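Colleague: I have a structure here, written as structure tokens, and I will follow up with some questions on it.
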Amino acid sequence: MAERERFDVVVVGAGSAGCAVAARLSEDPTTRVLLLEAGPEDKNPWIHLPIGYYRTIFDERTARTYRTEPEEGVAGRSILWPRGRVLGGCSSINGLAWVRGQAEDYDHWRQRGCEGWSFADVLPVFKRLESYADGDPQWRGRDGPLAVSGPRHRMELLDAFVAAANQAGIPTNPDYNGARQEGVGYFQLSIRNGFRCSAAVAYLRPARKRPNLEGDGSRAWSTGGAGRSGRSRRARSCSPRGPSPRPSSSCSPGSARRRIWPSTGSPSATTCPGWAATCRTITKPGSSIAAPGRSP
Ligand SMILES: Cc1cc2nc3c(=O)[nH]c(=O)nc-3n(C[C@H](O)[C@H](O)[C@H](O)COP(=O)(O)OP(=O)(O)OC[C@H]3O[C@@H](n4cnc5c(N)ncnc54)[C@H](O)[C@@H]3O)c2cc1C
């Protein structure tokens, strides 16, 4: 086998997490980072228009269009369960709703043993990554890479819904990503100046010029799996962990292992049973990784 190029870190999957990880790691010019993405560049204009996700989530050019098994609880229907397969991953096709989650959930995880995941632990990270003009700076970030916007327009019907909730005893909460989540109000969205602010836009675009951040093509970005390969020199390789309802035929555990770690032997990997093939973390430095081909 031809000698592989050497990188300090290989990041597999330029999705929400992968874009942020690759961009943050490559801030250090001495760290050489390879970012591999199975999907194409995020050039489809529907990706960038907030309403465009109705186009992209059904489109095999931008998404893996998984379906759930038919389930009794939904009248025996099989539900579409898309995942992004494009630069930016799901952050390029998602519903843009910016919701940190319930502080108590993080604290519960910490109580269950997840060190570093209490809400007090993750709050500085949330503040660092976002740029939101409104809200209390005790809770909200002002100048992070990911833009968050409040509603640009109010709608009579939605105001009536809020008023009805108030009448039912649910208070208006002007910032559900602030001190408390409880209440009713308008969604905040990952939008900048009317356009989607995906992880690729927020993190990768500013990092594009860095010579130490490389990708599948001749420049740093995805070509839909042209087959570049690399070996992680000293650090851990990272792979996408987004749960999916079932592995696709192109991404079953066996085929993913072959595609990602061809012929040079298996790195040690932790797999989460019941999750898709993408749900694994490579733990052995020096593991060998190649970009997969385009999924069917
Ligand atoms: C339709 C939809 C709507 C959503 N709406 C919202 C919302 O409104 N608000 C919200 O907070 N969340 C929403 N989500 C969820 C959120 O977008 C995801 O949880 C999040 O983006 C997952 O990030 P990730 O980094 O784990 O994975 P992803 O963003 O899915 O990234 C994984 C990337 O890895 C690539 N990849 C996979 N396997 C390989 C491989 N073997 N080699 C190379 N590359 C590979 C994939 O192509 C993909 O680009 C939505 C998701 C979807 C699909």
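Colleague: What are the ³J(HN,Hα) values, in whole Hz, obtained from phi via the Karplus relation 6.51 cos²θ - 1.76 cosθ + 1.60 with θ = phi - 60°, for each residue of region 51-65 in sequence order, with x given for Gly and Pro?
Modeller: The phi angles translate into 6, x, 5, 5, 8, 6, 6, 9, 9, 4, 6, 10, 9, 8, 8 Hz.
Colleague: Magnitude of the Cβ-charge dipole of region 103-189, K/R +1 and D/E -1, about the Cα centre, nearest 20 debye? The partial results should precede the final answer.
Modeller: On the way: 9 positive and 13 negative charges, 33 e Å.
Computed charge dipole of region 103-189: roughly 160 debye.
Colleague: Length gain on complete extension for the stretch THR65 to GLU156, per 0.36 nm per residue less the alpha carbon to alpha carbon distance?
Modeller: On the way: separation 91, 0.36 × 91 = 32.76 nm, distance 3.50 nm.
The span from THR65 to GLU156 would gain 29.3 nm if fully extended.
Colleague: Sticking with this one: In which sequence would SER131, SER149, SER92 go, from the one with the fewest C-beta neighbours within 10 Å to the one with the most?
Modeller: Lowest count first: SER131, SER149, SER92.
Colleague: Let me ask you something else. Taking θ = phi - 60°, what integer Hz values does the Karplus form 6.51 cos²θ - 1.76 cosθ + 1.60 yield along region 42-48, in sequence order, with x for Gly and Pro?
Modeller: 8, 8, 4, x, 5, 4, 8
Colleague: For VAL184, what residues show an amide H to amide H distance below 5 Å, using hydrogens built from the backbone and excluding near sequence neighbours?
Modeller: When sequence neighbours closer than 5 places are left aside, the close amide H contacts are THR172, ASN173.
Colleague: Could you tell me the calculated FRET efficiency between TYR54 and VAL125, based on Cβ-Cβ distance and R0 = 25 angstrom, to the nearest 0.05?
Modeller: Values: r = 31 Å, r/R0 = 1.24.
Efficiency computed from Cβ-Cβ geometry: 0.20.
Colleague: Using amide H atoms built 1.01 Å from N in the peptide plane, name the residues 5+ places from ASP216, or on other chains, whose amide H lies under 5 Å from its own.
Modeller: Amide H neighbours of ASP216, under 5 Å, 5+ apart: GLU37, TRP221, SER222, THR223.
Colleague: Kindly provide the trypsin sites (Lys or Arg not before Pro) of region 1-69 that DSSP labels as loop, not H, G, I, E or B, and whose Cβ sees at most 11 other Cβ atoms within 10 Å.
Modeller: Numbers: sites: ARG4, ARG6, ARG24, ARG32, LYS43, ARG55, ARG61, ARG64, ARG67; in loops: ARG4, ARG32, LYS43, ARG61.
Passing both the DSSP loop test and the Cβ count: LYS43.
Colleague: So, R0 is 25 Å and r is the distance between the beta-carbons of LYS43 and LEU80; what FRET efficiency does that work out to, to 0.05? Write out the running numbers ahead of the final one.
Modeller: Details: r = 24 Å, r/R0 = 0.94.
Calculated transfer efficiency: 0.60.
Colleague: Could I ask something else about it? For region 162-174, just list the computed ³J(HN,Hα) in residue order, Karplus coefficients 6.51, -1.76 and 1.60, θ = phi - 60°, integers in Hz, with x standing in for Gly and Pro.
Modeller: 4, 4, 5, 5, 4, 4, 7, x, 9, x, 5, 10, x
Colleague: Once amide H atoms are built 1.01 Å from N in the peptide plane, which residues 5 or more positions from TYR66, or in another chain, come under 5 Å H to H?
Modeller: Placed amide hydrogens put TRP81, ARG83 under 5 Å from TYR66.
Colleague: For region 97-152, state which GluC sites (Glu not before Pro) are in a DSSP loop and have at most 16 other beta carbons lying within 10 Å of their beta carbon. Can you show the working numbers first?
Modeller: Details: sites: GLU104, GLU115, GLU130; in loops: GLU115.
Answer by residue number: GLU115.
Colleague: In addition: Return the distance in nm (one decimal) between the two label points of a simple spin-label model at SER118 and ALA179, each offset 7 Å from Cα along Cα→Cβ.
Modeller: Calculated label separation equals 2.1 nm.
Values quoted throughout were computed directly from the atomic coordinates according to the rules given, and no laboratory measurement underlies them. Quantities reported herein were computed from a predicted structural model and do not represent experimental measurements. Positions of Cβ are generated from backbone atoms using ideal geometry, with glycine treated the same way; all protein chains shown enter the neighbour counts.
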